[in-house]
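Trainee: Pasting in a structure now, in C-alpha cells, and then I'll have a few things to ask.
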Amino acid sequence: MKRSTTLRLVIVSTAPLVVSGCAEPSGQALVYQDVASCAKDGVVSESVCLHQYNKAWTEHLRAAPRYDTESLCELDFTAGCQRVSSGEYIPTMQGFMLQAQGSASRGSSFAVIPLYLGSGGFFRTGTYDRVSNGYKQGKVAVNNKVLSKPSKPSLKSTTMSRSGFGGRSAARGSWGG
C-alpha cells in the first residue's frame, strides 16, 4: 500500500471522532418525574411543582405526538402509550422539565415541557429530542436545542405511520373498487 493511501485512510477513519466531539451547547433546566420528586428537591415549592406539573399535563394532552396504532407509538416511546378520545395513541407522560424564564430576583416564571421515556432510557420531548445524557432528575444540563424549540402540536399520526407522506391517502384511494 502506498504511503499516501495509508495517510488518507487514517484521516478518513478519524473524521467521525472529530465530528462526534462537536456537541451542542447545553443550558440548565429542572427535570422531574412527578410532583413529589420536584417538591423533595427543594428548588421550588410544592405548590409551584404542582402548578407546573398541571401545565405540563395540559401541554401533554394538547401537543403529544399521535400515532395510529399502539405498536407504532411504542416503537418510539418505551414506557407505554395510551389511547385518547380521537382513537389515536399518545405516549404516557413520564416527567416534566422546567426552564426558568426571567431573573430569580423578579420571581422567575417557567416554560414547562412534558417528557416521555424513549429508547435507551432517556427522557425525550414530544419531538423526540433527547433531553440529557440519562434519566436524571433535578438540575440537569440540557441541550440548548431542546430549550429553544417551541412546542407545537405534532402531526405524527400521518408522518409516523411508517408509510411516509401520503401513506394514508394512498391507502384510502385503494379501498373498494
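Read the figures in this text as sums done on the coordinates, not as results from a lab. Everything quoted here is computed from the prediction, not taken from an experiment. We place every Cβ from the backbone using ideal geometry, glycine too, and count neighbours over all the protein chains shown.
Trainee: What do you get for Rg/Rh over the stretch 25-146 if you use C-alpha atoms and the Kirkwood form of Rh? All intermediate terms of the calculation are to be shown ahead of the outcome.
Mentor: Working: Rg = 14.4 Å, Rh = 14.7 Å.
That ratio equals 0.98.
Trainee: Right, here's the next one. Explain nothing, just the number: dipole magnitude of the stretch 25-146 about its Cα centre with +1 on each Lys and Arg Cβ and -1 on each Asp and Glu Cβ, in debye rounded to the nearest 20.
Mentor: 420
Trainee: Would you kindly state how much longer the chain becomes between SER85 and ARG62 on full extension, computed as 0.36 nm times their sequence separation minus their alpha carbon distance, in nm to one decimal?
Mentor: 7.0 nm
Trainee: With the crude spin-label approximation of a point 7 Å out along Cα→Cβ, what separation in nm comes out for ASN144 versus TYR128?
Mentor: For the pair ASN144/TYR128, the computed spacing is 2.5 nm.
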